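The values are calculated or read from the model by the stated rules, or taken from the named source; none is laboratory data. In this text the structure is predicted, and so the values were computed from the model without any measurement. In this analysis, Cβ positions are derived from the backbone assuming ideal geometry, glycine residues included, and neighbour counts consider all displayed protein chains.
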Amino acid sequence: MEAKVLVIGAGIAGMETALLLAETGAEVYLVDKEPSIGGSLHLLDYTFPTDSCGLCYLEPYPSPRFCPTFESARHPNIYIIPYAEVEALEGKAGAFTVKILHKPRYVYEEKCILCNRCAEVCPEERPHPYEGRLSPQKAIYKPHLRGIPPTYVIDMDYCTRCGKCVEVCPTDAIDLNMQPKTSELSVASVVVAAGYEPFDPAKRAEFGYGIFPNVLTSLEFERMVSFSGSTHGKLLRPSDGKPVRKVAFIHCIGSRDPAIGRGYCSSVCCMYTAKQVNLAKRRNPGLEVSVFYMDLRPIGKVYEQYIRRVQETPGVRYIRSMVSSVVERHPEKDLLIRYVAEDGSLREEPFDLVVLAVGFGAPQGLEKLGIELDKWGFPVTKPDEPHKTSREGVFVTGAARSPMDIPDTVVDAAAAAFYARSLLTQPFSSPYPILTSYPDLVDAEPRPGVFFISCPELSSELDIDALRAFVYSAYGASFYALEPSSDAWDKLVEKAKAEGVNRLVVVPCGLRPTLEVHQKLGTLGPYEVVPILEEAVAPLRGDKAKATQQAKALLGMALARLLYLYPRLLAKISADSFPPEERAVVVGAGLAGMTAALSLAELGYKVDLVEKEEEPGGLLKLPRVVLDGIDPAKTLKTLVERVKSNPFITLHLGSEVARVEKDGRGYLVELSPGGEAIRCGAIILATGGREAGTQQYLKGTHPRVLTQLELERLLKESSPSFRRIAMIQCVGSRDDLHPYCSRVCCYNAVKNALLLKEANPETEIYVFYRDIVTFGRYEELYTRAREKGVIFIPYTLDNKPKVEALGEDKLLVSLKEPTAGEVKLEVDLLVLSVGIEPSDNASLAEKLGVKLDDFGFFAEEHTKMRPLELTEPGVFICGLAQGPHFMEEVIGQARGAAFKAALYLKQLRGFPETIATVNERLCSACELCVLACPYKARFMDYEARVARVDEGLCRGCGICAMVCPNGATQMRAFDKKALMAVVDAALAS
Amino acid sequence: MEFEPRIVGFLCNWCAYSGADLAGTSRIQYPPNIRVIRLMCTGALDPIYVLRAFLEGADGILIAGCHPGDCHYLNGNYKARRRVAILKEILKELGLEEDRVWLRWISASEGQRFADTVKEMVEYLKAKGPSPMKNPIL
């Protein structure tokens, strides 16, 4: 069977899926229709809720490394196929044949040296794909920053074939007659991660996009507030370049709009708009901002607080309204927004700039894959297997499945990786055969060498002989010039071996060494890559003397560090000495825990499933009514059967975690009662949640006040009939007690209302809400409920509905409403939508040394990029332990967490390059390092009275070496003495 | 000849160094007055490096790490912030110019911000003149 996977789309979802799969030893083809990979990753300098980049967190290693784009490009198991599309998919799961169409780039990747001369002479312009009309590009252009591959490409829609670029190209890299090519790949499974198609707002002409220059899409505005964008973070009007003083954002452009066939909610626009408001205010604190919205949908754990903070910023107004049109005023080109306000009045207001929050559409071209698509173009999936398409072996993930934000996409990618991997038969293996050891150089004579890959640009702009003389006279280093070629790295390694060089300084031309090259260099000795092209040649172009001077300093700094490392820091070290424990513990046997345990078992790992109750099931055991989603009762039955019969799973019922101990190999988990101790390498927390209690609105005192779950029990057990029912949303949610949105309550309320209406159309149902948060496809249900006659009445935190008892079986619900005046309803049932609360996690968190967030859920390592990981390496979360989620989301999380745990169990521990070491002679056992270490990698050996390093846990940050008062703790590659030498070299003139 | 300040930059591996690298690879122009030294984390910056750099003739020191909340080692940048604050106090007590030490947060995507910061610092130091710590009396 083919051990290969095709991932279609190299955005956040695709790259993450590919990286995760590649880390398990699978080979991945990563196809993207754009000339370089990255998708919308490169668009987003800032992401909510942290308002900073941090996308480099996305990689799957236990240590933080780098940007996922670079990792994908460097990974030995990932084959990037840019600028290509899937033409056809034949065969079946396990043996697919994929036809790929390679679009012509007109520039040879291997020849292009990125000198930009072609773009300088090109006379034609095209609109920039990100900056839009704000900053046009030449017809021959370099893909976005950090693009992989960075090679130039010609847009033939704009090229006139004048041939000027061909004339100036110094390396003959341009071929205007390049033809499209096709190729075939054999793969076992396919992951569709094709992302989204932003809505084209020109289709909603009343907003004036494409007609009025000062109407932007949210993507264009995103670039405007980014430092790397067209205006470098300045807010300027496209029409006249004047600073923007008053800006309006309009929500739901191309979302929640059945009239144009887009009846779903795009799920992410509310939050990205809030972020853009925040960034805009940061760029220009005096800016006046108005946001026109229908409902706010802060569906993540910390989003409610974020959006509230934005709303409370001075100068920011959120206006619940329906915008009818945007018109331009002459001659100043201001924009007049006409809208219907909450009280029903028609109003007008002028603005300098209008930003349209465009929604996400389904990606194009999916029909070629032979999968069933829904009416919006998204692949059809089942609720209990939300990543499986109608065709076996083809999986879908990220925004291509349903519009979603980055944390959900990251979770989705892990789930898709799980499915795609489960079709491959070969076991998990590490893709790095060489990253296991460093050579022993303790007694070796230092032999420094500078390896200079002399591309024409470097050799023409620098005095090479002067550099050669300098490194020899100042550092005794030999100087080797190499021709740039595709096998330059191999030649370099060969040369270094032949010459016995054990301290390497490498000067690459334009491109960075790949991960594989890094590993090869690492086997030779300590090395440093010096980007002389960027740091000396580019800024001082034309001044050969100065550029050479700068290059000397850079080489000197690199050599100084390598030569001044203490020999004892160069002892042989092998990551093989920490074989991980290949067993996992899952805490909690609800939907999340059981799914995670079964997934791990499916990947071949032994699992101990710990449940504090006497029966597994958790919230699945509650009686529920079902409309279109997962049936909890059926799911419970199958899951329990499968868990109990699985030979890899040991179920510990009525047990709790009593104690956790930890070392470089993993954890020792002790259970109570019984005192059984389990050695494991990874822990998944699936401790679940519960319906929050409340005493508001006569709950607990009046028999006709129920929660939604109590209503469902009633509906399940009998078929009661009511004349008039009121529901109140957000009871104890999104307030000071639970300052987060529980995500599922609006859906549940709408679902229950629909079921009640179906059973008895005469029943009147009134839903009091703050915002109806039926995101994604759930929006359709909300539309259906309104069609069926369910009445929705908005209320606010300072104007809540009032409830009085009218005897035993009646209640009076009243609300002051801006349009209808005072609403008074006599109802015979009041249903409260109370939120989700986490279980009591505090003591477990303390035992594991992990943190809880402000609400009592486990705090992820990074809310955005690592939503399944905790700060403790090897500990993962899924389900309600992480935050409120739908059942189908919980399944994805559990699959993802299981996959990540499996990956972690296989990973080698230890990071030889930068690990901390202790000179025991100097250690005074003061324990400062133990206190400072963020990873608990430092511990005391009280017998020997020295501090030690658990090399399996050390991540090499160097913080312990900094606090050590005696210089006893030293970093392998960043020793203090060496760094002082670097400082000296930096300033030696 | 115009005074050209010499700056030593201590940048963390994950954010600021990548940001500087991005400035380089995307050919964003910035003055060549800075010599960049890579650290794994700004939390591992020993103030002694800063003092050494001043004694060796640096006119300014730029320390740059991940934005608050984004440290790849959980909280190293906060440690750096505290440490730099104390270092500045000490420099002030010694009568040395603490405004020659800058601490900035620069993420891996902020190549432009890195370039702007270097430009701004060069301008600032040009206006301020050479560092008094270059004086051999010290």
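Restricting the stretch A:524-547 to residues that are under 19 Å from residue A:480 (Cα atoms) and away from chain B (no Cβ under 12 Å) leaves a set whose member that is surrounded by the fewest Cβ atoms within 10 Å (Cβ to Cβ) is A:524. Quick check on residue A:289: is it surrounded by 19 or more Cβ atoms within 10 Å (Cβ to Cβ), assigned to a helix (DSSP H, G or I) and in contact (Cβ under 8 Å) with a residue 12 or more places away in the chain? Taking the combined requirement at face value, the residue does not satisfy it. In the stretch B:1-109, counting only strands (runs of 3 or more DSSP E) that sit wholly within it, none holds 1 or more residues that are facing chain A (nearest Cβ under 9 Å) and over 14 Å from the mean Cα position of the chain (by Cα).
Could you run through the stretch A:184-238 and say how many residues are within 14 Å of chain B (Cβ to nearest Cβ) and either surrounded by 22 or more Cβ atoms within 10 Å (Cβ to Cβ) or of a type outside the set (D, E, K, R) (or both)?
12
The set of residues in the stretch A:904-924 that are over 40 Å from the mean Cα position of the chain (by Cα) and either modelled with pLDDT under 80 or over 20 Å from residue A:567 (Cβ atoms) (or both) contains only A:924. Filter the stretch A:925-957 down to residues that are at pLDDT 90 or above and at positive phi and give me whichever is farthest from the other protein chains (Cβ to nearest Cβ). Per the stated criteria, the residue is A:945. Yes or no: residue A:981 surrounded by fewer than 23 Cβ atoms within 10 Å (Cβ to Cβ), of a type outside the set (D, E, K, R), within 11 Å of chain B (Cβ to nearest Cβ) and under 25 Å from residue A:528 (Cα atoms)? For residue A:981, the condition - surrounded by fewer than 23 Cβ atoms within 10 Å (Cβ to Cβ), of a type outside the set (D, E, K, R), within 11 Å of chain B (Cβ to nearest Cβ) and under 25 Å from residue A:528 (Cα atoms) - is met. Summed over the stretch A:311-326, residues that are touching a residue at least 60 places away in the same chain (Cβ under 8 Å) and in a loop (DSSP other than H, G, I, E, B) total 0. The single condition among (1) within 14 Å of another protein chain (Cβ to nearest Cβ); (2) in a loop (DSSP other than H, G, I, E, B); (3) of a type in the set (Asp, Glu) that residue A:172 does not satisfy is (1).
Which of the strands (runs of 3 or more DSSP E) found entirely inside the stretch A:781-888 contain at least 1 residues meeting this: surrounded by fewer than 19 Cβ atoms within 10 Å (Cβ to Cβ)? Before you say what the answer is, go through the steps one by one.
Values: elements: A:791-794, A:802-805, A:811-817, A:821-827, A:829-834, A:836-838, A:860-862, A:866-870, A:875-877.
Hits in the stretch A:781-888: A:791-794, A:802-805, A:811-817, A:821-827.
Does residue A:308 satisfy the criteria of being assigned by TED's automatic domain parsing to the domain that holds residue A:203, assigned to a helix (DSSP H, G or I), at pLDDT 90 or above and of a type outside the set (A, V, I, L, M)? In short, yes.
Across the stretch A:420-440, the number of residues qualifying as assigned to a loop (DSSP other than H, G, I, E, B), among the hydroxyl-bearing types (Ser, Thr, Tyr) and modelled with pLDDT of 80 or more comes to 1. Given the structure, is residue A:279 assigned to a strand (DSSP E or B) and surrounded by 15 or more Cβ atoms within 10 Å (Cβ to Cβ)? Here the answer is no, as residue A:279 does not meet what is asked.
Find the helices (runs of 4 or more DSSP H) located wholly in the stretch A:441-515 whose residues include 1 or more that are over 30 Å from residue A:152 (Cα atoms), and list them. Spell out the reasoning first.
On the way: elements: A:456-461, A:464-475, A:488-499.
Answer list for the stretch A:441-515: A:464-475, A:488-499.
Inside the stretch A:18-32, residues that are closer than 20 Å to residue A:604 by Cα and not in a strand (DSSP E or B) make up a count of 7.
Only a single item in (1) out of contact with any Lys or Arg (no Cβ under 9 Å at 6 or more places or on another chain); (2) modelled with pLDDT of 90 or more; (3) within 14 Å of another protein chain (Cβ to nearest Cβ) is not met by residue A:120, and it is number (1).
Give me the residue from the stretch A:645-695 that is of a type in the set (Val, Ile, Thr) and closer than 29 Å to residue A:743 by Cβ and, out of that set, modelled with the lowest pLDDT. Taking the candidates together, the pick is A:694.
When the stretch A:468-479 is examined, which residues are found to be closer than 14 Å to residue A:507 by Cβ and surrounded by fewer than 21 Cβ atoms within 10 Å (Cβ to Cβ)? Please lay out each step first, then the result.
Looking only at the stretch A:468-479, we keep the residues that are closer than 14 Å to residue A:507 by Cβ, and these are A:468, A:470-471, A:477-479.
Listed by number, the residues that qualify are A:468, A:478, A:479.
Quick one: in the stretch A:683-709, which of the residues that are under 41 Å from the mean Cα position of the chain (by Cα) and under 19 Å from residue A:805 (Cα atoms) is surrounded by the fewest Cβ atoms within 10 Å (Cβ to Cβ)?
Across the stretch A:683-709, the extreme among qualifying residues is A:695.
When residues in the stretch A:938-957 are screened for being in contact with an Asp or Glu (Cβ under 9 Å, 6 or more places away or on another chain) and in contact (Cβ under 8 Å) with a residue 40 or more places away in the chain, 4 of them pass.
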